[in-house]
Amino acid sequence: MGWEYLNADKSLVKSNRMRLRLRRPQGSERQIHGCGTGAGGQESRVGSGPTGSVNWTDIEFQFPPKVLTDGRKGTWVEEDQRGSEPTAEFATSGPREISLAWIYVIDSFEANSETWNIDRVTRNIRALRGYFANIRSRDAKRDALVVLFHMWCIGGDRPISARIRGIDVRYGETMVFPPGGLSDRAFPLRTDITVDMRIWTRGKGVSGSEFGIQDLPNLEDREPPSWY
């Protein structure tokens, strides 16, 4: 049997305003398997999101994630003045940068949908790290790089399109494995994850890029005011 979690934590995790959803490539038959077996002794996999679309994968949170940083910078053209403050002209705005962190802790070796066993934790980690493997050639569609992100009132009233800049997975020192000597299924007791994201919207492509206008499916035209 798994641990008892605080009702406040469960409410924050299950809120429809906290979601990190990854896009799978169109026509992809890849399935992300965990290390171990799921309920019923079958290999479990990361499947579709709540909308039923097979092209989306929701990352599951065991505990409420933490927003470590949430900032944005602008570029200014400045000119020093004699005896006074420099004059400044606003040039460009940088991306909104969000750093999200959460942990997984193995709480059971039972194979059911309520516990956080090795299988469930590893398939979420593998699905997350698989983000950068969605694009394997220069002519591949960039659709799979669009991420939908929602984060309570820190964000807005609806999910916004984003991209992942970096994924950091850190393992704890303590290892655990299922009863019966199944040491080949060993995994760290605790895993800490940090994801560095950038808000991503439609617009002009990178200077000199052959991709021109960025107009991928699921990219927002711009951030809604509630995301300011």
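The values are calculated or read from the model by the stated rules, or taken from the named source; none is laboratory data. Owing to the predicted nature of the structure, the values given are computational and were not obtained by experimental measurement. Backbone-built Cβ (ideal geometry, glycine too); neighbour counts: all protein chains shown.
Mind checking whether some residue in region 169-177 is of a type in the set (D, E, K, R), within 21 Å of the chain's Cα centre (by Cα) and farther than 15 Å from Met197 by Cβ?
Residues of region 169-177 of a type in the set (D, E, K, R): 170, 173.
From what's left, within 21 Å of the chain's Cα centre (by Cα): 170.
Now drop any that are not farther than 15 Å from Met197 by Cβ, which leaves 170.
Yes.
The set of residues in region 193-219 being at pLDDT 60 or above, within 28 Å of Thr69 (Cβ to Cβ) and touching a Gly at 6+ places or on another chain (Cβ under 7 Å) consists of Asp196, Gln214. Among residues belonging to region 2-38 that are at pLDDT below 60 and in contact with a Ser or Thr (Cβ under 6 Å, 6 or more places away or on another chain), point out the one that is surrounded by the most Cβ atoms within 10 Å (Cβ to Cβ). Per the criteria, the residue is Gly38.
Summed over region 73-113, the residues that are small (Gly, Ala, Ser), in a strand (DSSP E or B) and in contact (Cβ under 8 Å) with a residue 12 or more places away in the chain give a count of 6.
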